[in-house]
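Heads up: the structure comes next, in structure tokens.
The values are calculated or read from the model by the stated rules, or taken from the named source; none is laboratory data. Because the structure is predicted, anything quoted here is derived from the model rather than measured. Cβ placement follows ideal geometry from the backbone for every residue including glycine, while neighbour counts extend to all protein chains displayed. Note: areas computed on protein heavy atoms with side chains; ligands, DNA, RNA excluded. Shrake-Rupley method; radii C 1.70, N 1.55, O 1.52, S 1.80 Å.
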Amino acid sequence: MKTNQAAAAVQTKAPVRHKASRSYIMKARAKHITISVLRGLLIFGLCFMIIQPLITRFSTSLMAEKDLYDSTIVVLPRNPTLDNYMHVATLTNFPKSMINTLWASLLVSVLQAVSCTLVGYGFARYDFPLKKFWFACVVALIVIPPQTIQTSLYTFFARFDIFGIFTLITGSPLNLRSSVAPYALMSLTCMGLKDGLYIYMLRQYFRGIPKSLEEAAYVDGCNTLHTFAKIMLPDAIPTIASCFLFSFVWQWTDLFYTRNFLTTSYRPFYATEMSTMVSRMSRYFSADANNPVIVSAARQQQLISIAVLFCCIPLVILYCFTQRTFVQSIAMSGSKE
């Protein structure tokens, strides 16, 4: 009798449990679908915010001048043309300015990556006098804008001298402006553009590596330099690559140091050519050089859009080849935190 009652109780509870499990599964699926839809909408919105301006600029770059004043044209041009690209290439001295900018950006990026790696490793692994003070100076490089020392930088490199040695030998200080020497010297001494940020990134990375790796290398007979080159440096390549990419991008679009260090007689850089492009449009499009024409605002914006696209293309190509290393660096820093 008791056995029959227990069996009946089990049979009555089984449908209840089955219904509860089904409702739990349905709720979980609904929650998962809702989160997926919201995530998709968020990603779509972010991608649209990034891609839509580029698509608009590209479509505008293909329009003839009369299409700019046609209110019926929104995206697709009615009279597509590639002449605008030729105009911008001439106005910005495209081949020469791009090569000069590429050379300077590579030089600065490599020197900054090397010097900041050594300094960041030193801050992470060694104790030396006034260590906290010098690291506070590194933080100051991040916080204080370079415009505050613009006059000092100009005077220093326009009359460059070390303890009066050059004045004693040549009779006058050196003028390092109109050359890449200021870029190289500032990058080697960790005073270049955003160097404080790179030192901080590399210091934090090296601090996260266990000291037992170095101690094991010392036990095996490695000296300090060999341990750094063979043990520490290979693991830090993703972070160093990120610093290199940041340095290259910031130097590629830099105007502050370029205007401060380079004169108009020096080889043109693309950023400066692009910033002065509007002032040359009037004479470029005029048949008579003595009577420049008035270039409309819409036409100016169209040519500036093309110049911006020219500036973005090398950076996109660079990211396509280095995005795996860059993402790996972000993932490694996130896992360490």
Over segment 276-323, the set of residues open to solvent by less than 50 Å² (accessible area, probe 1.4 Å) and among the hydroxyl-bearing types (S, T, Y) is S282, S286, S296, S305, T322
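Can you say whether S187 is part of a helix (DSSP H, G or I), among the small types (G, A, S) and either within 24 Å of A140 (Cβ to Cβ) or free of Cβ contacts under 8 Å to residues at least 40 places away in the same chain (or both), as far as the supplied structure shows? Spell out the reasoning first.
Working: part of a helix (DSSP H, G or I): yes; among the small types (G, A, S): yes; either within 24 Å of A140 (Cβ to Cβ) or free of Cβ contacts under 8 Å to residues at least 40 places away in the same chain (or both): yes.
Considered against the rule, which asks whether it is part of a helix (DSSP H, G or I), among the small types (G, A, S) and either within 24 Å of A140 (Cβ to Cβ) or free of Cβ contacts under 8 Å to residues at least 40 places away in the same chain (or both), S187 comes out as yes.
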Exclusive hit being surrounded by 10 or more Cβ atoms within 10 Å (Cβ to Cβ) and at pLDDT 85 or above, set K31, K27: K31
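Listed here are the residues, each with its yes/no results for (1) part of a helix (DSSP H, G or I); (2) closer than 30 Å to G122 by Cα; (3) of a type in the set (D, E).
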residue	(1), (2), (3)
H226	yes, yes, no
I240	yes, yes, no
F248	yes, yes, no
D254	no, yes, yes
N260	yes, no, no
P292	no, no, no
Determine whether segment 250-272 contains at least one residue that is modelled with pLDDT of 80 or more, under 26 Å from G192 (Cβ atoms) and surrounded by fewer than 12 Cβ atoms within 10 Å (Cβ to Cβ). no
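Restricting to segment 148-183, name every residue that is among the aliphatic types (A, V, I, L, M) and at pLDDT 90 or above.
Initially, segment 148-183 is screened for residues among the aliphatic types (A, V, I, L, M), giving 149, 153, 158, 162, 165, 168-169, 174, 176, 180-181.
Correct list: empty.
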Output the number of the condition that T72 fails; it satisfies all remaining conditions of (1) surrounded by 11 or more Cβ atoms within 10 Å (Cβ to Cβ); (2) in a loop (DSSP other than H, G, I, E, B). (1)
Please work out which one of (1) in contact (Cβ under 8 Å) with a residue 60 or more places away in the chain; (2) within 22 Å of the chain's Cα centre (by Cα); (3) open to solvent by less than 50 Å² (accessible area, probe 1.4 Å) is the condition F228 fails and give its number. (2)
Among the residues of segment 138-161, are any among the small types (G, A, S) and closer than 24 Å to R207 by Cβ? yes
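Look through segment 53-63, keep the residues that are surrounded by 16 or more Cβ atoms within 10 Å (Cβ to Cβ) and of a type in the set (A, V, I, L, M, F, W, C), and return whichever of them is farthest from the chain's Cα centre (by Cα).
Residues of segment 53-63 that are surrounded by 16 or more Cβ atoms within 10 Å (Cβ to Cβ), as a first pass: 57, 59-63.
Restricting the remaining residues to those that are of a type in the set (A, V, I, L, M, F, W, C) gives 62-63.
On the way: L62: 28, M63: 30 Å.
Among them, the one singled out is M63.
Does L111 satisfy being open to solvent by 80 Å² or more (accessible area, probe 1.4 Å), modelled with pLDDT of 90 or more and touching a Leu at 6+ places or on another chain (Cβ under 6 Å)?
In short, no.
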Pairs needed: first member in segment 312-337, within 26 Å of Q204 (Cβ to Cβ); second member anywhere, open to solvent by 80 Å² or more (accessible area, probe 1.4 Å) and at pLDDT 70 or above; C-beta distance under 8 Å; at least 6 residues apart or different chains. T325/I237; F326/Y319
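Which of the residues belonging to segment 129-180 are of a type in the set (G, A, S) and in a loop (DSSP other than H, G, I, E, B)? Break it down into steps so the answer makes sense when it comes.
Narrowing segment 129-180 to residues of a type in the set (G, A, S): 136, 140, 152, 158, 164, 171-172, 178-179.
The answer is G164, G171, S172, S178, S179.
Determine whether T148 is open to solvent by 60 Å² or more (accessible area, probe 1.4 Å) and within 20 Å of V114 (Cα to Cα).
Numbers: open to solvent by 60 Å² or more (accessible area, probe 1.4 Å): yes; within 20 Å of V114 (Cα to Cα): no.
No; evaluated as a whole, the condition is false for this residue.
Could you count how many residues in segment 90-100 are under 12 Å from M281 (Cα atoms) and either buried (at least 20 other Cβ atoms within 10 Å of the Cβ) or in contact with a Pro (Cβ under 8 Å, 6 or more places away or on another chain) (or both)? First the steps, then the outcome.
At the first step, the residues of segment 90-100 found to be under 12 Å from M281 (Cα atoms) are 90-92.
Subset that is either buried (at least 20 other Cβ atoms within 10 Å of the Cβ) or in contact with a Pro (Cβ under 8 Å, 6 or more places away or on another chain) (or both): 91-92.
Summing the residues that are under 12 Å from M281 (Cα atoms) and either buried (at least 20 other Cβ atoms within 10 Å of the Cβ) or in contact with a Pro (Cβ under 8 Å, 6 or more places away or on another chain) (or both) in segment 90-100 gives 2.
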